[in-house]
1. Based on what the data block shows, is Ala649 open to solvent by less than 10 Å² (accessible area, probe 1.4 Å) and over 30 Å from the mean Cα position of the chain (by Cα)?
2. Out of (1) hydrophobic (A, V, I, L, M, F, W, C); (2) open to solvent by 10 Å² or more (accessible area, probe 1.4 Å); (3) assigned to a loop (DSSP other than H, G, I, E, B), what's the single condition that is false for Val738?
3. What strands (runs of 3 or more DSSP E) lie completely within the stretch 184-278 and have 2 or more residues being open to solvent by 30 Å² or more (accessible area, probe 1.4 Å), modelled with pLDDT of 95 or more and of a type in the set (Gly, Ala, Ser)?
4. Give the residues of the stretch 281-290 that are surrounded by fewer than 19 Cβ atoms within 10 Å (Cβ to Cβ) and either touching a helix residue (DSSP H, G or I) at 6+ places or on another chain (Cβ under 8 Å) or on the phi > 0 side of the Ramachandran plot (or both), sorted by residue number.
5. Output the number of residues of the stretch 688-703 satisfying the condition of being closer than 21 Å to Lys666 by Cβ and crowded, with 24+ Cβ neighbours inside 10 Å.
6. Pairs needed: first member in the stretch 410-421, in contact (Cβ under 8 Å) with a residue 12 or more places away in the chain and of a type outside the set (Ser, Thr, Tyr); second member anywhere, open to solvent by less than 20 Å² (accessible area, probe 1.4 Å) and in a strand (DSSP E or B); C-beta distance under 6 Å; at least 6 residues apart or different chains.
7. Of all residues in the stretch 439-460, how many are small (Gly, Ala, Ser), free of Cβ contacts under 8 Å to residues at least 40 places away in the same chain and crowded, with 17+ Cβ neighbours inside 10 Å?
8. Right, Val706: in contact (Cβ under 8 Å) with a residue 40 or more places away in the chain, open to solvent by 10 Å² or more (accessible area, probe 1.4 Å) and assigned to a helix (DSSP H, G or I) or not?
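The values are calculated or read from the model by the stated rules, or taken from the named source; none is laboratory data. It should be emphasised that the depicted structure is a prediction, and the values quoted were computed from it without experimental measurement. Reconstructed Cβ throughout: ideal geometry from the backbone, glycine too, with neighbour counts over all protein chains shown. Just the protein is used for accessible areas: all its heavy atoms, side chains included, with ligands, DNA and RNA removed. Shrake-Rupley method; radii C 1.70, N 1.55, O 1.52, S 1.80 Å.
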Amino acid sequence: MNKHGLLILSLMLSMPAMAFAADSADQSSGTVNGYNLPPKNILDVMTAPATPMPLVSPTHDYVLLVSQQTYPSISRVATPFLRLAGVRVETRNHSKHDTPGGYGITPCASDYWVVEVASGRQTHVDLPAGSCPEVPQWSADGKRFAFSNITPDTVQLWIGEAASGVAHQVPNVHLNPMLNNELQWLPDQKSLLVKLVPDGIGAPPPEPVIPDGPSIQQSDGKSGQSSTYENRDTLNNRHDEDLFDYYGTTQLAKVDAETSAVTAIGKPGIYSSVDMAPDGKHLLVTTLHKPYSYVTTYERFPMDVDVWSDLDGINVSKAHIASLPLADRVPIHGVPVGPRDFSWRATEPSTLVWAEALDGGDWNVKVPARDKVMLLSAPFALPATEIIRTEQRFAGFDWTEKKSIALMFEFDQNRHWMHTSTVDVDEKPAKAHMLWDYSTDEKYANPGSPLHRQLADGSFVIRLEGNAIYLSGNGASEDGDRPFLDKLDLVTKKTDRLFRSGRDDFERFLAFSASDTAHFMTWHQSIMDPPNVYMRTLGARVTAAKGEPEFASTYVTVTHIPDPTPEVRKIKKQLVKYKRDDGLELSFTLYTPPDYQPGTRVPAILYAYPLDYADAKKAGQVTGSQYTFTRLRDYRLLLLAGYAIIDNAAFPIVGDPKKAYDTYMKQLVADAKAAVDAAVGTGAVDANRIGVTGHSHGALMTANLVAHSNLFRAGVATSGSYNKTLTPFGFQSERRSVWEATDVYLKVSPFFYANKLKTPLLIVHGADDANPGTTPLQASKLFEAIRGNGGTTRLVMLPHEPHWYTALESNEQLTYEMITWFDKYVKNAPAPAVVKAH
């Protein structure tokens, strides 16, 4: 069959097929409610408390330690929801069912602690049993923190006091988080702007017994390509539109943090974004309206952008800024035409900034400038003023404490390039003065991110000390990540390195102290030490090697978080560096199981996620650290079953972003062979007992490697996309359509090689995966193809799970499946007839 015949066949296979009974499989005796359990030693690690994350108050005198629930129950994950234009909303309480990206259920915070930095005093925040609080937001004055709390019937608003650690629910407030921005502190820091479920909303519109007509879509002959990532859970009919209106409608209101008084602002509407100006008197409101689209999500629906004022009741004043039409024909990797990316100027009371494309939003168009940046101040009656034009796509301003000075970012997606410049926006005409110009793939020379100060009105600005700014970054190096703190003079361009993480631990900057910049907090961890807050004090300048800190520093420990899984400390890890056959330098981290005896060889599992690079020089740069505190999730739990893990092996796909996937398969196999050879070369890995696993794009990698190489005894692919003709308008960095690059789409799709796929492959998928590129159909069709061709395979569909698996029961099942599969086909597999040479 020729390539076009295969394309037609693949599109036919996308249609529903009759289900058939899967082959019987051995079941473990350790089951709960139909879910299999992994061994107890693994269960104990899975259910151990999670290490918390730190949230420093804007005044830097308190730290909130937030411990999030690792795995919610399947009962929560199975809560009924509706799919409405890219949002999954739970019908009973109006809460969002998953994360904004649609990749998993939003985890509850299992615990909050307030730590007073000066004394180290730690206060537990008591919440009712069964609470599901989310990550809190500090007020700019550091006195309070606010958070939403999800209950079965509503989403509550809670406010906590920093000094006492006491939190209370604001009565009669029912948040509506469907379209985000459900709560934010107002500039006075004494009240909050919230989105509420309107009073008297009534019951949702019932589904019609008799359909109210067909679902109709139409194309007018113009190009209407839709990116894979812009069409998850779209609307399907008029009833869906009614449901979107019902659940999306909100009442804006102000909540007094001291008295709990609630004051309505304006009338109910479908408000996708709301943002208060620094002056607290002008509110930027984006309102969605029909006609809706059935091919894209709500972010592309028609919308009106207005500034509201006189915010003391329902009769607000409105200044109209823009009317934006339905944007369902945006070029892939492009932007909509017209005004976009509205924000307030942080250093002015009420001045709007936005960008407009000069190239039709299409990166294929060659123009001298891609965007123009506009500015408009209250009372918003005069025409907007053009500030500056950008050669590449405008990616935002970052305002400094010096009122008119901002950093401006431009992004060139074709080259994977970021250009950063300083701009005086009040200069006529404004001019951009280059600060940095570097590849976004560049890790070693990445300058880091500017540090900010939160102003009294809540606005964030880049912290200035004279002409100098502070920068913090990951500090990637040939030895792994070593986070740093720098001070950069914007005039002389001279940089002082104030701090850098040590060579045998991992320590990143958190915040300066409440008093000065000579003292700052860090988040420290090592292989043996759990993460904790340190307070560092800068000392005298010292002579230092290039890249090392130019000042001595000492520290005291602020928090004392215990190790939740001491048995995991027996696991060892090391950075392994090696070269691909074309000389490209690569690396991975090798984990060995507890009680591993040096000199012995053990079975191993390789995990990777291929990344696309425009520049080969950047592709091999080392990222990550072997000195972080070891925590086990997902495939790493196999360490406790006696496997070594070849972790995060570098799998670069290098080439022109416009056609990098022309050589995808050749590079993929070369990446795998180099990693396997290096792992065997350590003396710890048995060459004849290696498996491979990957998630999403890594699952595509896994299926292709077991189909096109003999390096692995078995594979486990989770939530993958195996037939790229079902995502015909691009994937990853591939921008050509299937009609422009048919051979590429077919060659990267293991579905079309199922007749050659004889290495055992376990396929796992979430039954409610909303990522359009990895629909559950992808998994079931690959399983059918392998099974129909006599291959060894198993398909596990995890009920109610999205792209990432959330429920404890689902993760227990996944771990059980991986151990059982790899034990049978890797650890305990008979030796191959011909021993592989490496």
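1. No: the conditions fail for Ala649.
2. Tallying (1) hydrophobic (A, V, I, L, M, F, W, C); (2) open to solvent by 10 Å² or more (accessible area, probe 1.4 Å); (3) assigned to a loop (DSSP other than H, G, I, E, B), Val738 fails exactly one: (2).
3. Per the criteria, no element qualifies.
4. The one that is surrounded by fewer than 19 Cβ atoms within 10 Å (Cβ to Cβ) and either touching a helix residue (DSSP H, G or I) at 6+ places or on another chain (Cβ under 8 Å) or on the phi > 0 side of the Ramachandran plot (or both): Lys290.
5. 8
6. Glu410/Thr390; His416/Ser439; Trp417/Ser439; His419/Glu410
7. 1
8. no
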